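Asker: For reference, the structure I am asking about is given below.
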Amino acid sequence: METKSSRIKDSISYIVLILLSIAFLGPIFIVLMNSFKGKFYISDTPFLFPNSTTFSGLENYIGGIAKTDFMSAFGMSLFITVFSVAVIVLFTSMTAWYITRVKTKFTNMLYYVFVFSMIVPFQMVMFTMSKVANIIHLDNPIGLILIYLGFGSGLSVFLFSGFVKSIPIEIEEAVMMDGCNPVQAFFSIVLPILKPTAITVAILNVMWVWNDYLLPDLIIGTEYKTIPIAIQYLKGGYGSIDMGAMMAMLVLAIVPIVIFYLLCQKYIIEGVVAGAVKG
């Protein structure tokens, strides 16, 4: 039977969660609201709803798309995100399977190298990384995908390794006794079983790569503009900013990733629990 004390704790938790939701969703709502205001009114009344005087309709969206060449930036962001996530999921799942199944000093050390890479601040390596990328001609979209593979490997290998440990090795041995080689066993048996964690890894990396500004800015600069970089170029001379267009473009940048997250959110907890707890 539920006690009065437990009901009070549940009520407090509920209130705290509501306040946290407001704190996190509030800025997004403010951006959405201001995207429909004239740019001269945003600074004066940032927290007020648009009215007959401040409402600008779709003017900010139309102007922002034209000024940023948004569709081109959207295509570049989509290309980089899709292929970066694809190679991260493919190669890190194979790596995790190998270092989990092949027990040697090398694979043990390799695992801890991946784990260690999760705690190294990006600021420690960004100058050296951008210089090396320039020297070996990785300063292009394809090179950026390879760099994302490197930076995304740590967490992905960690999650996949935890899940691989829960897969009975007898399944793979039975398949190989039927004539499959290790590569065939991985793609026909292991990878389908890894689906929950693979989806989680994909979701986490999609949100990171799509929203990332610093890495594309360092590696490919303005020659190949992603959405975050294109939005930054709404700044004019002497620090002037078209706030209306910027708010509108931020909304357009947020919408695809929010839709993607809402469609796939149920897999996140499943995959994290499977990868971090099992085995």
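Asker: Starting at the first residue of region 18-23, write each ³J(HN,Hα) from the Karplus equation 6.51 cos²θ - 1.76 cosθ + 1.60 with θ = phi - 60°, in whole Hz, x for Gly and Pro.
Answerer: Running phi through 6.51 cos²θ - 1.76 cosθ + 1.60 with θ = phi - 60° gives 5, 5, 5, 4, 5, 5 Hz.
Asker: Could you check how much of the accessible area of the chain is carbon and sulfur, as a whole percent, using a 1.4 Å probe?
Answerer: Values: 11680 of 16390 Å².
The nonpolar share, carbon plus sulfur, comes to 71 percent.
Asker: Same structure, new question: Report, as a whole number in µm² per second, the diffusion coefficient that Stokes-Einstein gives for region 17-75 at 10 °C and 1.306 mPa s using the Kirkwood radius over alpha carbon pairs.
Answerer: Numbers: Rh = 12.9 Å.
It comes out at roughly 123 µm²/s.
Asker: Near Lys266, which lysines are there with a Cα under 19 Å away, not counting those fewer than 8 places off in the same chain?
Answerer: Straight-line reach from Lys266, under 19 Å: Lys195, Lys278.
Asker: Once the mean 1/r over all distinct Cα pairs of the chain is inverted, what Kirkwood radius in angstroms do you read off?
Answerer: Details: mean 1/r = 0.0456 Å⁻¹.
So the Kirkwood estimate lands at 21.9 Å.
Asker: Kindly report the accessible area of the chain per residue (heavy atoms of protein chains, probe 1.4 Å, no ligands, DNA or RNA), in Å². Mind dumping the intermediate values first?
Answerer: Numbers: 16390 Å² over 279 residues.
So the chain comes to 59 Å² accessible per residue, rounded to a whole number.
Asker: Could you give the length gained by full extension between Ser11 and Phe127, i.e. 0.36 nm per residue of separation minus their alpha carbon distance, to one decimal place? Before the final figure, lay out the partial values.
Answerer: Values: separation 116, 0.36 × 116 = 41.76 nm, distance 4.90 nm.
My answer for the length gained is 36.9 nm.
Asker: Here's a follow-up. Calculate, for Ile135 and Thr222, the FRET efficiency according to 1/(1 + (r/R0)^6) with r their C-beta to C-beta distance and R0 22 Å; round to the nearest 0.05.
Answerer: Numbers: r = 20 Å, r/R0 = 0.91.
E(calc), rounded to 0.05, equals 0.65.
Asker: Can you tell which of Ile171, Leu25, Asn60 lies farthest toward the positive end of the dipole of the chain, using +1 and -1 charges on the Cβ of basic and acidic side chains (Lys, Arg; Asp, Glu)?
Answerer: Value computed over the given set: Leu25.
Asker: Also: Whose amide H sits under 5 Å from the amide H of Lys37, counting only residues 5 or more places off or on another chain, with H placed in the peptide plane?
Answerer: Long-range HN contacts for Lys37: Ser56.
Asker: Determine the dipole magnitude for the chain: charges of +1 sit on the beta-carbon of Lys and Arg, -1 on that of Asp and Glu, nothing else is charged, the reference point is the Cα centre, and the result goes in debye to the nearest 20.
Answerer: On the way: 16 positive and 15 negative charges, 105 e Å.
In debye, rounded to 20, the chain gives about 500.
Asker: Kindly list the residues of region 84-114 that lie in the label zone of Met176, defined by a backbone N under 19 Å from the point 7 Å along the Cα-to-C-beta vector.
Answerer: Within reach of a label on Met176: 93-108.
Asker: Next up: Hey, what do the phi angles of region 134-147 turn into as Karplus ³J(HN,Hα) couplings, whole Hz, using 6.51/-1.76/1.60 and θ = phi - 60°, x for Gly and Pro?
Answerer: 5, 5, 9, 6, 9, 7, 8, x, 5, x, 4, 4, 5, 5
Asker: Let me ask something additional. Could you give the size of the charge dipole of region 1-61 about its Cα centre, using +1 on the Cβ of each K and R and -1 on the Cβ of each D and E, expressed in debye and rounded to the nearest 20?
Answerer: Numbers: 5 positive and 4 negative charges, 35 e Å.
It comes to approximately 160 debye.
The values are calculated or read from the model by the stated rules, or taken from the named source; none is laboratory data. All figures in this text were calculated on a predicted structure; none of them were measured in a lab. Using ideal geometry, Cβ is built from the backbone for each residue, glycine included, and neighbour counts are taken over all protein chains shown. When the accessible area is computed, the model is the full protein with side chains, heavy atoms only, and any ligands, DNA or RNA have been set aside. Shrake-Rupley method; radii C 1.70, N 1.55, O 1.52, S 1.80 Å.
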